[in-house]
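Worksheet for the structure shown next.
The values are calculated or read from the model by the stated rules, or taken from the named source; none is laboratory data. Everything quoted here is computed from the prediction, not taken from an experiment. Cβ placement follows ideal geometry from the backbone for every residue including glycine, while neighbour counts extend to all protein chains displayed.
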Amino acid sequence: MAYREEEQSLDLIPRDHPLFIRIETALSRFPIHRLTKKDIEINLEHLSEKGKLELLWQVSYNEREGPPGLLAYKLDTTYINRILDEERNRLGRYVRLGSLREICREMDMADSGKNRNDIKKALLQNASTFIKCNLKYKDKAGSERTFNANFTRYSVIFTGEEFSDGRKADAVYLSLNEPYREILEHAQIRPLDFEYLKALTPTTQRFYEIISYNVFAALRAKKGSPANYIYSELCELLPQERFHEREKVRKQMWKLHKPHLDSGYLESADIERRGEDDFLLIYWPGPKAKKEYGASMWRKEELNP
C-alpha cells in the first residue's frame, strides 16, 4: 500500500505571508508522537504486489524518557519547526531555541518550575525517539531520492551544558543529526497556516497537517474534485485506532472533522464504505482552504532559495 504521488510532491510556496510556516514534506507526513491514550505501535511496512519493500517507517522510544506525547508534539511542530523554517537557509551545526523561560512564553505556558521541567522532558523525549525508515521522497529539483536511515533527529543541549568544543551553552540548543539535516536541506516544503495550526488541539492539528496534502492537491487540480483518503491509511498516519464498524468510524472521525468544518477549512466531510472492512473519506475544501491555497503560489525558482 503506497501513498499516492500527489501526497509527496506538493510544493506550494507562501507568497511572503508571515502567518505561514514551511514544513518539509518527506518525514512530516509520518507519525512520531503518541497523541491518544491508547498505546498504538508505529510500524508501517508496505510491500508492492511483487513483495518488494516500498515503505518502512518504525518508531521506538527511550524507556527512561518515555514516548513523546502531546506537549512534545506541540513543541516539535509549533516551536521547533518555526525556528527551523526561519533558519532554513542558514542552518549551522547548532540551532538556538532560547531559554526555557522564552520557550514557556512562546508556548503560551506560565514560566514555572513545573512547566520548565515539562519542556525539558518533552525535549528529551523528542531527542531520544528512534526512527528506522526506508522511503522515497521528492527533492527541491523534483528528483526522486531514497532515504534509508536509522536515526534520531537531533540532540539537545541545555543551558550551562558544554558544546563539543568546550564552550558552555547560553540557552537551549539543538544539534541536528545528519540524516535529519539531509531532509531539511533537500526535501520539498509546503506551507501551513501557523496561527490556525497553533490554535488546534494536537489531534486535530495532526489531522490538518495530513489532509492538507490532498486538499491542496485537489485545489491545484482545479477540476472541482474532493480530497480523498482511505480510512485505514489515514489511521496509520495520524496515528489512531482503526475501527471496522461504520458508526464507530463516524463518531471517531467527527471529533477530527468538526473543528475544520466549523472553521471553513472543510466544506463537507463524507464517509463511504470501501470493500468489506475499509472506508473512503471524502473532503471538499472550504473557503478557508481556498484562501490558504490562494495565498500560496507555484514558483519554481523558490524551490532552491
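Data table
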quantity	calculated
Hits in segment 17-28 - residues which are in a loop (DSSP other than H, G, I, E, B) and either at pLDDT 95 or above or more than 22 Å from Arg153 (Cα to Cα) (or both)	His17, Pro18, Leu19, Ala26, Leu27, Ser28
Count of segment 252-287 residues which are touching a residue at least 60 places away in the same chain (Cβ under 8 Å) and in contact with a Phe, Trp or Tyr (Cβ under 6 Å, 6 or more places away or on another chain)	0
One residue from Leu123, Leu71 being under 22 Å from Glu178 (Cβ atoms) and either outside the structural domain of Glu178 (by TED's automatic domain parsing) or touching a residue at least 40 places away in the same chain (Cβ under 8 Å) (or both)	Leu123
Single residue of segment 89-110 satisfying the filter (modelled with pLDDT of 95 or more and small (Gly, Ala, Ser)) that is nearest to the chain's Cα centre (by Cα)	Gly98
Only one of Ala218, Ala227, Ala187 that is within 30 Å of Tyr154 (Cβ to Cβ) and crowded, with 21+ Cβ neighbours inside 10 Å	Ala187
Residues located in segment 254-276, provided they are part of a strand (DSSP E or B) and not aliphatic (A, V, I, L, M)	Glu267, Ser268, Asp270, Glu272, Arg273, Arg274
Failed item in (1) touching a residue at least 12 places away in the same chain (Cβ under 8 Å); (2) surrounded by fewer than 17 Cβ atoms within 10 Å (Cβ to Cβ); (3) of a type in the set (A, V, I, L, M), with Met107 passing the rest	(2)
Sole exception among (1) assigned to a helix (DSSP H, G or I); (2) in contact with an Asp or Glu (Cβ under 7 Å, 6 or more places away or on another chain) for Arg190, by number	(1)
Residue identified as aromatic (Phe, Trp, Tyr), under 18 Å from the mean Cα position of the chain (by Cα), buried (at least 18 other Cβ atoms within 10 Å of the Cβ) and at pLDDT below 95 among Phe194, Phe207	Phe194
Of residues in segment 150-164 being surrounded by fewer than 16 Cβ atoms within 10 Å (Cβ to Cβ) and touching a Ser or Thr at 6+ places or on another chain (Cβ under 7 Å), the one farthest from Leu100 (Cα to Cα)	Thr152
Residue check for Arg242: part of a strand (DSSP E or B), of a type in the set (D, E, K, R), under 30 Å from Leu47 (Cβ atoms) and modelled with pLDDT of 95 or more	no
Every residue from segment 118-149 that is loosely packed, with under 13 Cβ neighbours inside 10 Å and either among the hydroxyl-bearing types (Ser, Thr, Tyr) or over 15 Å from Phe30 (Cβ atoms) (or both)	Ala141, Gly142, Ser143, Glu144, Thr146
Residues satisfying the stated conditions in segment 115-148, i.e. assigned to a strand (DSSP E or B) and touching a Lys or Arg at 6+ places or on another chain (Cβ under 8 Å)	Ile131, Lys136, Tyr137, Lys138, Asp139, Glu144, Arg145, Thr146, Phe147
Segment 38-69 - residue that is in contact with a strand residue (DSSP E or B) (Cβ under 7 Å, 6 or more places away or on another chain) and in a loop (DSSP other than H, G, I, E, B) and, of those, surrounded by the fewest Cβ atoms within 10 Å (Cβ to Cβ)	Ser48
Count - residues of segment 199-236 that are part of a helix (DSSP H, G or I) and either farther than 23 Å from Lys37 by Cβ or without any contact (Cβ under 8 Å) to a residue 40 or more places away in the chain (or both)	12
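Conditions (1) in contact with a Leu (Cβ under 7 Å, 6 or more places away or on another chain); (2) among the charged types (D, E, K, R); (3) outside the structural domain of Leu44 (by TED's automatic domain parsing); (4) under 21 Å from Asp270 (Cβ atoms), marked per residue:
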| site | (1), (2), (3), (4) |
| --- | --- |
| Ala199 | no, no, yes, no |
| Pro202 | yes, no, yes, no |
| Tyr213 | yes, no, yes, yes |
| Lys223 | no, yes, yes, yes |
| Tyr231 | yes, no, yes, yes |
| Glu245 | no, yes, yes, yes |
